[in-house]
1. So how compact is the chain: Cα radius of gyration and Dmax in angstrom?
2. Cα axis of helix 91-111 to longest principal axis of the chain: angle in degrees, 0 to 90, nearest 10?
3. If you stretched the chain out fully between Leu35 and Ala99, how much longer would it get, using 0.36 nm times the residue separation minus the C-alpha to C-alpha distance?
4. Rounded to the nearest 0.05, what FRET efficiency do Lys59 and Thr24 have when you use their Cβ-Cβ distance and R0 = 30 Å?
5. Report the local net charge at Glu33: Lys and Arg +1, Asp and Glu -1, summed over other residues whose C-beta lies under 15 Å from its C-beta.
6. Take the solvent-accessible surface of the protein heavy atoms, probe 1.4 Å, and return the percent of it on the chain that carbon and sulfur atoms account for.
7. Which residue, Arg76, Arg66, Arg90, tops the fluctuation ranking in a GNM of the chain built on C-alpha contacts under 10 Å?
8. Under the 0.36 nm per residue contour assumption, what length would be gained going from the current alpha-carbon distance of Leu17 and Asp77 to full extension?
Amino acid sequence: MTGKPHSRGATPTPDELRAQVEETRRELGETVEALAARADVRAQARQKATQLKSQATEKAHTMGDRIQHRTPQPVRDKAHHAAEMTRANRGLPLVAGVAVLAVLLAVRSRRH
């Protein structure tokens, strides 16, 4: 216990005993909270997932910036233009994907 020390052999006063009890309760409360936090595996997993997501996002932004600075301007312009065209006509990539799939299925069925 971490209450006030009293002289050896002297009986603590009721106020000293109350103070010791309150200090012990506070310490016990902190200990229980620490144990509960360690036992909460779900919360720990969520915290770790959030941390990893943040790290991955940061690394992705860093790599994106590096790639963008190393890519020649004409290539960046063409990629930007292709992205704008895709955003403007969302059906086009879907149709192209279906066409590629149809060709692959046709080639596969002819081989068998």
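1. Reported Rg and Dmax, both Å: 33.5, 101.
2. 70
3. 17.2 nm
4. 0.05
5. Working: positive: Arg25, Arg26, Arg38; negative: Glu27, Glu30, Asp40.
Computed value for this residue: 0.
6. Roughly 60 percent, rounded to a whole number.
7. Of Arg76, Arg66, Arg90, the most mobile in the Gaussian network model is Arg90.
8. 13.8 nm
The values are calculated or read from the model by the stated rules, or taken from the named source; none is laboratory data. Computed from a prediction, not measured in an experiment: that's the story for all the values here. Cβ coordinates were reconstructed from backbone atoms using ideal geometry, including for glycine residues, and neighbour counts include every protein chain displayed. Just the protein is used for accessible areas: all its heavy atoms, side chains included, with ligands, DNA and RNA removed. Shrake-Rupley method; radii C 1.70, N 1.55, O 1.52, S 1.80 Å.
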